[in-house]
1. Starting from the amide H of ILE82, placed 1.01 Å from N in the peptide plane, find each other amide H under 5 Å away whose residue is 5 or more places distant or on another chain.
2. If you rank PHE70, PHE157 by how much accessible surface each has, with a 1.4 Å probe, what is the order from largest down?
3. Of THR84, THR163, which has the most accessible area and how do the rest follow, probe 1.4 Å?
4. Rank these residues by their accessible area, most exposed first, probe 1.4 Å: LYS165, LYS137, LYS171, LYS65.
5. Leaving out ligands and nucleic acids, note down the accessible area per residue over the range 84-141 with a 1.4 angstrom probe, in whole Å².
6. Per-residue accessible area for ARG101 at 1.4 Å probe radius, Å² rounded to 10?
7. Rounded to the nearest 10 Å², what accessible area does LEU175 have for a 1.4 Å probe in the complete protein model?
Amino acid sequence: AKKRCPDINVIQIVFGKDSKHFKARLLSEYGFIYFDNIEIIGSNGITILPKRKKINNKIESIFEKNVLAFSKEGMAKISQIIITVIGAGGIGSGLLYQMARAGFRYINIIDPDFITADNCNRLYWVNNPRDALEEPKAKFMAEQYRRFNPRARIRYFIGNANTNKARRLMKRADLLILAV
């Protein structure tokens, strides 16, 4: 939008369960700029929504705003759930992408397929297709997930879900997701 209409500022504000829980960002020529507080101008004057405490740990600060949606207890649960995703293609890679951002840490990925010229356009995290071609999808997605969250514990299996190793990964999971 900024490239098409450079004179228009795009501001996005999303509120959670009340006005103290929000996410605000401005689309600038350099990308999104995020705000820690906002001013609301209304009939009662100007209200400044307060800054939230910052988390010192850089990795944990990535997930700081997720606490607004899930609470600290919810984030603790999310970080302990073991999930096995069968399929790392268009659906599975999108799901893994969102799971990484939500803070899930224990992930198993099962997929027998490789990244090819005819499927890389559907895969999340494939920013440079030439570098990803012929990589196993499960391995590639595991590496990208780890790049986003180095604390994540990812296991992957390149093969079909009906093998003994894949079954062992599925049995260890709290949640099994079929994304084929």
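1. ASP174, LEU175
2. Values: PHE70 95, PHE157 35 Å².
From most accessible down to least: PHE70, PHE157.
3. Numbers: THR84 0, THR163 45 Å².
Result of the area sort, largest leading: THR163, THR84.
4. Working: LYS165 95, LYS137 15, LYS171 170, LYS65 60 Å².
Ranked from most to least accessible, the order is LYS171, LYS165, LYS65, LYS137.
5. Working: 2550 Å² over 58 residues.
Spelled out: the 1.4 Å probe surface of the range 84-141, per residue, equals 44 Å².
6. Its heavy atoms expose roughly 70 Å² to the probe.
7. Approximately 80 Å² of LEU175 is accessible to the 1.4 Å probe.
The values are calculated or read from the model by the stated rules, or taken from the named source; none is laboratory data. This structure is a prediction, so every number in the text was calculated from the model and none was measured. Ligands, DNA and RNA are stripped out before the accessible areas are found, and what is left, the full protein with its side chains, is counted by its heavy atoms. Shrake-Rupley method; radii C 1.70, N 1.55, O 1.52, S 1.80 Å.
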